[in-house]
1. Ile223: of a type in the set (A, V, I, L, M, F, W, C), modelled with pLDDT of 95 or more and within 22 Å of Phe42 (Cα to Cα), yes or no?
2. Is it the case that some residue within the range 434-446 is in the same structural domain as Ala320 (by TED's automatic domain parsing), within 17 Å of the chain's Cα centre (by Cα) and not small (Gly, Ala, Ser)?
3. Just checking, which of Ser260, Ser288 is among the polar types (S, T, N, Q) and more than 27 Å from Ala212 (Cα to Cα)?
4. Looking at Tyr394 and the list (1) surrounded by fewer than 20 Cβ atoms within 10 Å (Cβ to Cβ); (2) of a type in the set (Ser, Thr, Tyr); (3) within 27 Å of Val226 (Cα to Cα), which single condition is not satisfied?
5. So which pairs qualify, if the first residue must be in the range 12-39 and on the phi > 0 side of the Ramachandran plot, the second must be aromatic (Phe, Trp, Tyr), the Cβ gap must be under 7 Å, and the two must be at least 6 apart or on different chains?
6. Of the numbered conditions (1) within 26 Å of Pro332 (Cα to Cα); (2) among the charged types (D, E, K, R); (3) free of Cβ contacts under 8 Å to residues at least 40 places away in the same chain, Asp426 fails exactly one; give the number of that condition.
7. What are the residues in the range 25-51 that are closer than 17 Å to Asn98 by Cα and in contact with a Gly (Cβ under 8 Å, 6 or more places away or on another chain), if any?
8. Quick check on this structure: which one of Val127, Val99 is more than 17 Å from Ser227 (Cβ to Cβ) and either in contact with a His (Cβ under 7 Å, 6 or more places away or on another chain) or in a strand (DSSP E or B) (or both)?
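The values are calculated or read from the model by the stated rules, or taken from the named source; none is laboratory data. Just so it is clear, the model here is predicted, and its values are computed rather than measured. Please note: Cβ atoms are built from the backbone with ideal geometry, for glycine as well, and neighbour counts cover all protein chains shown.
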Amino acid sequence: MSNFDNAKVRVKQGWLQGYTDGKLKIFKGIPYAAPPVGALRFRHPQDPGRWRGVRKAVEYSAAAIQHVMEQEDLPANVHGVPQMLARSQYEEDCLYLNVWTPAQTDQDKLPVFIWIHGGGMVAGSGVECVCDGDGFAKRRDVIVVTINYRLGFFGFFAHPDLTAEAGTSGNYALYDMRKACQWVKENIAAFGGDPENITVAGQSGGAAGTGALHASPLMKGLIQHVSIESGPIYWGFMQPPAREELEKRGVEFMKQVGCSSIEELRSRDAWDLFDEYEKLGRGPMSFSFCIDGEFLPDTYTNIMDNGKFNDFDVLMGSCAQEFPVAGPEGLPVEEFHKYLEEAFPDNVENMKKWYPASNPIEAAKQASTISSDIMLMGSVRIGELCRQYGRKAYIWLMVKENETERGHAAGSPHCAEMPYVFGRVDKGERNPFFDYHWVGKDYDFMELIQGYWYNFCKNGDPNGEGLPVWKVYTDDFDINELGNDTHMINDPEQIKKYAYYYNKLKNSESVAPMRLGRLAKI
């Protein structure tokens, strides 16, 4: 019999003993797959082993092998960055997850939020200080799960011999994500969760992974909703190549490290292999997710354009200044205007009016805003396709800035939403890991964004009492601007976005002409 009040639960593999923290019951370092070492290296994840007795689940597991900055190598002004962990906390045996549950009983059937960390699928972990589940799960009735998955070389190595062995190769990281979802679906009821109401969310590289889950036929029926944050892969972002290209890289890598067989590669020390990869694996020798014929049976754009993606509700967006274009000195106004003339030759005067800049700091922010809109356009495109195929999508653009002079000058950068979603008070100065003293507007914004994200997890719809109305994507550029004054963007702002969309993407063969709707032609 479960002793849920004392954070003791029984999962498929055996008993787990977590701990309580206020209203939360917390379980850390739960294996969702067998260790991918030795003979299981470069294979799809296997079921975790069972255990007898009670397994303690009170400490985080190791993160996946990745490039690690030792503490003495870090800049003096960096505090709280997860890469300050010792190298011994990064291991090949990394397929673990963590659970924060506010459920009062194991019958509560709360919605579940699975977080896939960012880091370009080459770095990061599910135990980063800003992404633990305390600040979300303790404020909302949602179960938060964070996961580790294989990264970089160990997550994506492909080779013809591996393909002959298993029918495909590469994409182990994506299979790890799927395996974690399977484990959650099978076991989350023991934690008071609803196995039929699961949201997978990811940011940056984790968003690309979540987008792949959205597209994969292997995910049908496993989850219900996806939240894709600052990482659409529709246009140019981490576009997966064909598996055959990665197989060629795999053959070359084997030659470079002097391995004559996959068995020999599997027997080599993991860190020795990774160090060799660090020397060789830049650019054309790197490994990333691919069109493997199974997890992704076609290109991402073909899957999406043909409506073969899963019928998951979608929450998707990015920040207004994702990509910085200049240092603290800013960008000369003349250089900014020259850029507008070259990039928007048919619409220069409008662009100067829409993105005014009277000094280098303003010019840098406006240039960053324009360059970052390509990420927003990826979200818009997914919104169009969801509308076309009768699916629900809610698109956002975050403009919230931290309330400092530098915050207002820089805008809303990559990762800016994360401290608010996770309720990490006093984080988010230029980077979610850096300290920043919150003021009232920050607390208000946390309540707003957590309300939206929680409602989406619960209902597949972010709308709820006390929140500004968020339209499902129905008309062109139905975008909710998240900030101190949250609202659906108005016609003048939509016209700006259309001008960018048309100018940058008019020659894209994969994009059908947009319905202009209520928008004026440029």
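1. On the way: of a type in the set (A, V, I, L, M, F, W, C): yes; modelled with pLDDT of 95 or more: yes; within 22 Å of Phe42 (Cα to Cα): no.
No: the conditions fail for Ile223.
2. First, the residues of the range 434-446 that are in the same structural domain as Ala320 (by TED's automatic domain parsing): 434-446.
Narrowing the set further to residues that are within 17 Å of the chain's Cα centre (by Cα) leaves none.
No; the residues of the range 434-446 include none that is in the same structural domain as Ala320 (by TED's automatic domain parsing), within 17 Å of the chain's Cα centre (by Cα) and not small (Gly, Ala, Ser).
3. Working: Ser288 fails: more than 27 Å from Ala212 (Cα to Cα).
On inspection, the qualifying residue turns out to be Ser260.
4. With respect to (1) surrounded by fewer than 20 Cβ atoms within 10 Å (Cβ to Cβ); (2) of a type in the set (Ser, Thr, Tyr); (3) within 27 Å of Val226 (Cα to Cα), Tyr394 is out only on (1).
5. Partner pairs satisfying both residue conditions: Gly14/Trp51; Gly29/Tyr60; Gly29/Tyr96.
6. (1)
7. Matches in the range 25-51: Lys25, Ile26, Phe27, Lys28, Pro31, Ala34.
8. On the way: Val127 fails: either in contact with a His (Cβ under 7 Å, 6 or more places away or on another chain) or in a strand (DSSP E or B) (or both).
Of the residues listed, the single one that is more than 17 Å from Ser227 (Cβ to Cβ) and either in contact with a His (Cβ under 7 Å, 6 or more places away or on another chain) or in a strand (DSSP E or B) (or both) is Val99.
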